[in-house]
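Here is the structure we will look at.
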Amino acid sequence: MAIKKSNKLVPDNDICIKGSVHLSSDKSLSIRSVLFASIAYGISRVKINNPGQDALTSIMAIQELGIKVNKSNDQYTIYGLGIGYPSLKKRLLINCRNSGTTLRLITPLIAGSKVNAKIIGDHSLSKRPYRLEFLKEFLMNVKPTKKKFLPLMINGHANCVKAEIKINKPSAQMVSAATLAGISSFGETIIECPNNVRDHTSRMLKYLGYSIKTKNFRKKQTIKILGKQFLQPIKNYEVPSDVSSSAFLICIAILTKGSNIKIKNVCLNPHRIGFIKILKRMGANIKFQNLKQYYGEPVGDVIAMYSPNLKGVNIKSNEIAGIIDEVPVLLVVSLFCKSKSKFNNLSELKFKESDRLKVMYDNLRLCGAEIKREKDNLIIYGKTENFYSNNIPVIKNFNKDHRIAMAFYVLASASRKKIQINDFNCTNISFPNFLETIENVRDKSVKKIIIACDGGVATGKTSILNKIKKLYKSKAIFLDSGLLYRYLTLVHLKSGKKKINTKFLIKFLNTVSISRLRNPKLHSNKVSNYVSKIAKISSIRKALLPIQRKLVFNCFQPIVLVGGRDICSKILPAGFSDIKLFIDANVKLRAERRYLELQKRKSEKNLDYNDILKALKARDLADKTRKVSPMKKTNDSILIRNDSNDISRALKKIVFLIESEIKKH
């Protein structure tokens, strides 16, 4: 379970999701069905599963306008009075809260009615330009009180007239607003717009029998609509699952090992599944089932499975309009690709709930992404060495943007990266049961348990962890982080150089692999006596940190045993490991163990117990007193005494801790 304190969330890492799920109803279709039902003539019945705040905002707005709405569970009965809301003497206050869709679609409907209203929104919506200046072409009286921003003052009337409108931006909200302005006006309105704009409005109006014609050309389309016509009520419509919400589960599934999820009854409008097409280009394993037409929209089930070999893609400018809500989570997926991805012309992201272009760039860098911004383009190269940093980054300045919050949840859940997301309740805007949904499909049997084990030389760490590895067989792997320092020490000794060349050694880190760490020469007495000199160099320790974490976090075994110095304090601090151990033993007993261990190796000659004891004490002193990362037991580590030649007691205690951790999940 994710750690949640008040409204601060630190998501769980390395999760796996399986099974099938119905998601909340599509936000775009929910709002449109509510608003269209309010101007239809007759009784409409709309089922909105687990409506988010934006859908509820549209319902409250039409109620303020005199439309009767009855609710029974998730079923809404809406009593429409035809085009043109009833005339009221007082000026109404319509609060659109965070819903840009409600704002832009309801404004022309009010302006074409005998209604005077003031439209307001929350802090986020009030900072976004309303972008409906073209309404004056219909003789609609809509004036912002702060240049291009809310509040809006509307002096509505029923004598609006047709217009010819050209919209250059592929904005579904702007095109829908122009369409509804045409409905509210006398005559035939003609709208010219890009042909890649989302078309939920025209599809639903056609299905409800309204006189609207669309014609597509190479790069544009025209929409012709007659005003003041009869709009049929909506009969027993269950709004399909939200495809934009499904994006987060799909991305978790393709990024996390063992995941296989089916999302049922999803709206698969061609202008809404651009992100799925892009994920497939990346190499994602996604397919559709049970396709059908429903209320003018294609609907079906989406199946997404773990896809380990993702590659980077180039996303063109003309694709952005179709993925505008999914860009944040696609940027996250790009971090896990094996080559760079480029997102071109993201200017429209500046006008969403937050400046998503800036917010994603800043916070992905904060999390350790290698990312470059070129004006309104973003290039993602993947994860830098800072990705597995000690600090738990706090996602900043995202203005309670629900899609930003869920995108960084995906990043945390698909990695071992600890991330704190404040104001996570903002997800209620579009996906109110997000955490509950994740918990319902999460495979509780799959959990990578990382055991961090620290302690001095010859305390028995390696013997104990090797025994545990043998006990759990293929389910466990043992990584001795000290071997990395021994590897560099051997490289230095082989070079024949007297002075340690730090830059030379750091270059060799790219050659490190688990197989190379099995070289028996790494355990020679010569390496053992010299390794502390390498280990105390701060630049080497810093360079090794991401290498060590990468080796740990990329292991596929469910039990990862990690032994070495600074493991609990620096390499795998709070949140990066599940069990922390500090193994200690009497120094004389440790010297005996070391002596016997070296005796077994034919390559070691002229061994002397006293020399080994002396070297061991000197090593302890050096490790405990060095300025850079001195050896110490952390407060959250469990002390394990191994003061006997029989390690069974220590072994039994550690196995008990592991089994207890397994039972938690």
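Among the residues examined, Phe582 does not qualify as modelled with pLDDT under 90, among the aromatic types (Phe, Trp, Tyr), buried (at least 20 other Cβ atoms within 10 Å of the Cβ) and under 36 Å from the mean Cα position of the chain (by Cα). Looking only at residues in segment 362-418 that are among the β-branched types (Val, Ile, Thr) and modelled with pLDDT under 90, the one that is farthest from the chain's Cα centre (by Cα) is Thr384.
Restricting attention to segment 394-419, the residues that are crowded, with 20+ Cβ neighbours inside 10 Å and closer than 25 Å to Ser126 by Cβ add up to 11. If we keep just the residues of segment 225-273 that are assigned to a strand (DSSP E or B), over 25 Å from the mean Cα position of the chain (by Cα) and not aliphatic (A, V, I, L, M), which is surrounded by the fewest Cβ atoms within 10 Å (Cβ to Cβ)? Once the filter is applied, the top-ranked residue is Glu238.
Just give me the residues in segment 470-504 being without any contact (Cβ under 8 Å) to a residue 24 or more places away in the chain and part of a loop (DSSP other than H, G, I, E, B), in sequence order.
If we filter segment 470-504 for residues that are without any contact (Cβ under 8 Å) to a residue 24 or more places away in the chain, which is where we start, we get 470, 473, 491, 494-499, 501, 503-504.
Answer for segment 470-504, where residues must be without any contact (Cβ under 8 Å) to a residue 24 or more places away in the chain and part of a loop (DSSP other than H, G, I, E, B): Gly496, Lys497, Lys498, Lys499, Asn501.
Cβ separations smaller than 6 Å between residues 6+ apart or across chains give no pair from segment 99-126 residues that are not assigned by TED's automatic domain parsing to the domain that holds Thr57 and in a helix (DSSP H, G or I) to residues that are of a type outside the set (A, V, I, L, M) and at pLDDT 95 or above. All of (1) surrounded by fewer than 16 Cβ atoms within 10 Å (Cβ to Cβ); (2) in contact with a strand residue (DSSP E or B) (Cβ under 6 Å, 6 or more places away or on another chain); (3) under 14 Å from Ser185 (Cβ atoms) hold for Asn159 with one exception: (2). Residues that are within 20 Å of Phe248 (Cβ to Cβ) and either without any contact (Cβ under 8 Å) to a residue 24 or more places away in the chain or of a type in the set (A, V, I, L, M) (or both) were ranked within segment 372-393; the one that is surrounded by the most Cβ atoms within 10 Å (Cβ to Cβ) is Ile380. Within segment 419-469, the set of residues being part of a loop (DSSP other than H, G, I, E, B), of a type in the set (Val, Ile, Thr) and out of contact with any helix residue (DSSP H, G or I) (no Cβ under 8 Å at 6 or more places or on another chain) comprises just one member, Val446. The residues of segment 609-665 that are farther than 16 Å from Ile583 by Cα and in a loop (DSSP other than H, G, I, E, B), listed by number, are Arg626, Lys627, Val628, Ser629, His665. Pairs are defined by a Cβ separation below 6 Å, a sequence spacing of at least 6 or placement on different chains, a first member in segment 544-566 that is at positive phi, and a second member that is assigned to a helix (DSSP H, G or I); the pairs so defined are Gly564/Gly482. Cβ separations smaller than 7 Å between residues 6+ apart or across chains give the following pairs from segment 613-636 residues that are over 23 Å from Lys588 (Cβ atoms) to residues that are in a loop (DSSP other than H, G, I, E, B): Arg626/Lys536; Val628/Lys536; Ser629/Asp566; Asp636/Ala574.
The values are calculated or read from the model by the stated rules, or taken from the named source; none is laboratory data. These numbers were taken from a predicted model, which means no experiment stands behind them. So basically every Cβ, Gly included, is an ideal-geometry build from the backbone, and we count neighbours across all protein chains shown.
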